[in-house]
Structure formats: C-alpha cells, structure tokens
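Some notes on the structure that comes next.
What follows draws every value from the coordinates through simple rules; no lab data is involved. No experiment lies behind these values; they were computed from the predicted model shown. With ideal geometry, Cβ positions are generated from the backbone for all residues, glycine too; neighbour counts draw on all protein chains shown.
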Amino acid sequence: MPQVNLFGHNRAAEDCSYLENAINEIEDYAIILMDVYGDIVNWNRGAEKIKGYTADEIIGENFRRFYTVEDRQLKKPEELLKKAAETGRAQDEGWRMKKDGSLFWASVTISAIHDENKSLAGFSKVTRDLTERKANDAAKELYTEQLKAKNKELEQFVYIASHDLQEPLRSVTSLTEILEAEYGSLFDEKGVVMLGYITAATNRMKELIKGLLDYSRLGQNRQLAAIDCSKLLEEVQRDLEFSLTEHKAVITSTHLPALQGYKTELRLLFQNLLGNAIKFVKPGAAPAVHISCEERVDDFLFAVKDNGIGIAPEYREKIFVIFQRLNNRNAYAGNGIGLAHCNKIVQLHGGKIWVESEPGQGSTFYFTIHKF
Ligand code: ADP
C-alpha cells in the first residue's frame, strides 16, 4: 500500500504525531486518510463512532464499502475521487452505510493530498453525520406541505361556500323587492319596518359574502413588481380624498421606500389601515395619521400610527381574524374584514402584522414586508 505523509513534509516528526493525535481524538467528524485508490490508511475516533468500525477492522479496506449498492453501481465513489484528484476537492451529501448495515446521512468533503513533486499522494476525507438534521428538514418539509394543502382546501371551501350562498340570497333579495313593489301598500307600519329590516339584513349578508369571496381570492393573480411606496400612498390618499376631507384628517409620512411586492394587494393594505385610522377616531377629534418605514436587513418595517380610540390589550390579536369587530356597528360602520385582508396580504409578502395600542391613546399598526 503506498504510504502517505499526511501532515506535510516540512514538519518535525513530533509535530506530525501531535497533529495526528489531535485528529484521532476528534469525535464529531470522521476524518479518514486514503491512498490514491481509496484504500483507508488512517482512521480517527470520530470515524469509529460514526461508522462503527475500529481502526484494526477497516485500515486497508476500500472506502467504497461505505456507499450504498446503488451508489456503488453508479460509480459514485470513483467519481468523487476523480473530481477531488482533478479539482483538489469533492463535496457530497448522501446516504452512507455503517458497519451494521444501517444508513446515515453524510456530509462529505474529499480533498486531494500531493507529495513534494505535486503528484497525487492520497486523499483526506471528512465526514459529518447529519441524519438528525436531515430528519428535521424532512419533517419540516412534510409539515409545510400539509399546511399548504390544508390552506388550499380551506380557501376552496370558503370560495365554494360563499359562492353558493349567493344564489339563495339573490332569491330572497328579489322576492323582498317584489313583495315591497307589489304588496308594499298593504303592509301596516310595523310590516313596513320589518320589510326594511329584511332588506337591511340581506344587504349586510351580501356584503359579508362579498368580503369572504374577496378574502379567498386575495392574491390569486398577484404579480411581483417594483413599487414606490411613497407614490402608492399618494394614490391611496387620492382614493380616500372624500373621507379625508370629510373628517379633516391629516396624513403625514416619512420617505417611504421602493420595494418588490404585489401592488394591488399592498394598495389594499394601506387603504384598509388608513381607512381604519380615519374611521376609529374619538368623537369630535380630527384624525392624525403618520406613516413611517425602517429598512432592516431582511425586511421593511412599516408603522401606521393614529390618534384614534385605541384597542384594549385583550383584543390585539382577535381583530386580525375575519368578522371580528369590537365596536357597535351604529357607532363605527364595518364588517370586520379589513384587518383579516391586511393579515393575508402581509403573509403573502412573507411578513407579520401586529398592533400596539393604549385605549384612548391611539394605535400603531406595524407590518413587515420581506425583501424578495
Ligand atoms: P372593520 O373596520 O370593518 O370593523 P377591520 O377588520 O378593519 O374591520 O377591523 C376590526 C376591528 O378592529 C374594528 O372593528 C375595530 O374594532 C378594530 N380596529 C381596527 N383598526 C383600528 C384602529 N385604527 N383604531 C381602533 N380600533 C381599530
């Protein structure tokens, strides 16, 4: 068997043995030295721990025995040695076999060793057992897939349910209209009031169903684009002009960044947050809203701060769930859908949304947009 001096030719013999001892003691890495054919010439404690062979059992054997039958048939060990000989290094991750025949997931680096004439003298091979990480990754992947499938199923359910609910609702609406047009004069005062309640209730149901449908469709045709958020905010302010003037609202902002995102959805996000900041104002007060943004390493952190009625701590998570409202509809109109939309939009952007607030002191809605 060709002898390989693995610790360099300029070192004193005692230096070499010191280093050799140190390598032998390493337990978390299998560090193996091989000759040019892949026959094992040195075997450390880590190799014994990971692969199960003692040095006596394995020295002189070929490293191909660690590979699965399929990998051997595919000539993977030979390919890796060839690559290491040609380029100096070969890396691989894959299943390897222990002495007892069980498999472990290995991360392997094979490096070529040359003698003083620059001729190939052998290889070093460092192996790490990543079975646990591999199992964690696989479990995470499975969980993500299951979650995705469940989400899709739920969205389909919401879509179908809300779509099918429209049909009977249409019948109720048109029958009520006919009732009012053809028999309205026959109703006494109480009857007219009741008819009014039916119409109001069906209109509300129509809005709720529309909200559900919009929610399930949100982001379906999303397209990633470069968005100038300052411009987007100007557009949203133009859309809300009537309401801003009516409430004498003052909107201020710092310079907002340009980023990659889904424009229609982001616009809706700003629209909902600004709309709420203007709507949930203390009686008699004029809304003052400030929008700011901080660029961070992986994302942008936006803040929409208002001087409104605020939100009690126990409701700060609940408000992001669809149809959840805290206030009387007569005092503040709405369906409880806006923040659920915001939550979904932020999630589509890989971010989070939350609120910090003091009742009576205003609220600050924070959301992050991940950098694509
Ligand atoms: P909607 O505005 O239609 O009621 P949202 O989903 O947008 O529905 O909001 C849910 C609830 O969260 C609101 O009904 C309100 O109670 C509370 N909320 C939202 N934004 C604010 C705000 N800026 N200030 C105070 N309360 C708010």
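Some points to look at:
- Of everything listed in (1) near the ligand (Cβ under 7 Å from one of its atoms); (2) part of a loop (DSSP other than H, G, I, E, B), the single unmet condition for Ile319 is (2).
- Residue match in the range 301-310 (condition: under 29 Å from the mean Cα position of the chain (by Cα), within 18 Å of Glu235 (Cβ to Cβ) and of a type outside the set (Lys, Arg)): yes
- The requirement of being of a type in the set (A, V, I, L, M, F, W, C), surrounded by fewer than 19 Cβ atoms within 10 Å (Cβ to Cβ) and within 12 Å of the ligand (Cβ to nearest atom) is fulfilled somewhere in the range 308-316, by at least one residue.
- Within the range 209-242, being of a type in the set (S, T, N, Q) and part of a loop (DSSP other than H, G, I, E, B) holds for Gln220, Asn221, Gln223.
- Taken as a whole, the condition of being more than 23 Å from Lys210 (Cβ to Cβ) and either away from the ligand (no atom under 15 Å from the Cβ) or hydrophobic (A, V, I, L, M, F, W, C) (or both) applies to Ala249.
- Scanning the range 257-306 for residues that are of a type in the set (Val, Ile, Thr), assigned to a strand (DSSP E or B) and closer than 19 Å to His370 by Cα yields Ile291, Val304.
- Among residues of the range 283-307 being more than 20 Å from Gln260 (Cα to Cα) and near the ligand (Cβ under 10 Å from one of its atoms), the one that is surrounded by the most Cβ atoms within 10 Å (Cβ to Cβ) is Asp306.
- Residue ID - nearest to the ligand (Cβ to nearest atom), chosen from residues in the range 342-372 that are within 19 Å of Ile291 (Cα to Cα) and part of a helix (DSSP H, G or I): Cys342
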